[in-house]
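Asks: Just passing along the structure, written as structure tokens.
Values in this text are rule-based calculations from the coordinates and carry no lab data. From a predicted model like this one, the values you see are computed outputs, not experimental measurements. Every residue, glycine among them, receives a Cβ derived from its backbone with ideal geometry; neighbour counts consider all protein chains shown.
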Amino acid sequence: MSGARKRVLFEEEQGKTDDGWTRYLTGEVYWNAGGMNYFTNQHEVRGYYVDVTPEDVNPEGTMRRITGFAGIKAVLLEAPRFNRKTLDTIQVPADLIERLRARVAEKEATRRDRRVVA
């Protein structure tokens, strides 16, 4: 996704992973052209979305690792086309961010519980 069509809301450090990478929780607002999402088999509306995703950054800070389907997103505003001013000024309700954070935390806990340790 082009960096010109997204805005980072927050990037909070969550701690270290077992392999020494730093875990961050990142929130972004972005515009999506919509259409069929073949990974989820659902139709997505065209518009602005908010996304909360856990990311890992290596110790050198040169690589990011994102687990597929670990984040969650929600539609903020349906829009027929991208507008930079709308992206810069759109407000994200605080309660929505908190609900998305809680859902990501639930997914992470479930993923950790299912991980096999040899």
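Asks: Stretched out fully, how many nm does the piece from Lys107 to Asn58 gain, at 0.36 nm a residue minus the Cα gap? Numbers along the way, then the final one.
Replies: Details: separation 49, 0.36 × 49 = 17.64 nm, distance 2.21 nm.
This chain segment gains 15.4 nm when fully extended.
Asks: Quick one: divide the alpha-carbon radius of gyration of the range 3-59 by 2.2 N^0.38 Å and tell me what you get. Walk me through the numbers before you get to the answer.
Replies: Working: Rg = 14.4 Å, N = 57, 2.2 N^0.38 = 10.2 Å.
Relative to the 2.2 N^0.38 Å estimate, the range 3-59 comes out at 1.41.
Asks: Which aspartates and glutamates, if any, have their Cα less than 16 Å from the Cα of Lys73, not counting same-chain residues under 8 positions apart?
Replies: Glu11, Glu28, Glu44, Asp51, Glu55, Asp95, Glu98, Glu106, Glu108
Asks: How much net charge surrounds Thr26 when only other residues with a Cβ under 10 Å from its Cβ are counted (Lys, Arg +1; Asp, Glu -1)? Before the final figure, lay out each step's value.
Replies: Numbers: positive: Arg64; negative: Glu11, Glu12, Glu28, Asp51, Glu55.
Once positives and negatives cancel, what remains is -4.
Asks: Pop a pseudo-label 7 angstrom from the Cα along the beta-carbon direction at both Phe39 and Asp18 and give the gap in nm to one decimal.
Replies: Spacing of the two 7 Å Cα→Cβ label points: 2.4 nm.
Asks: List the lysines whose alpha-carbon lies under 16 Å from that of Lys85, not counting same-chain residues fewer than 8 positions away?
Replies: List returned: Lys6.
Asks: Based only on the alpha carbon positions, what is the Kirkwood hydrodynamic radius of the chain, in angstrom? Each step should come with its number before you reach the end.
Replies: On the way: mean 1/r = 0.0640 Å⁻¹.
Computed over the chain, the radius equals 15.6 Å.
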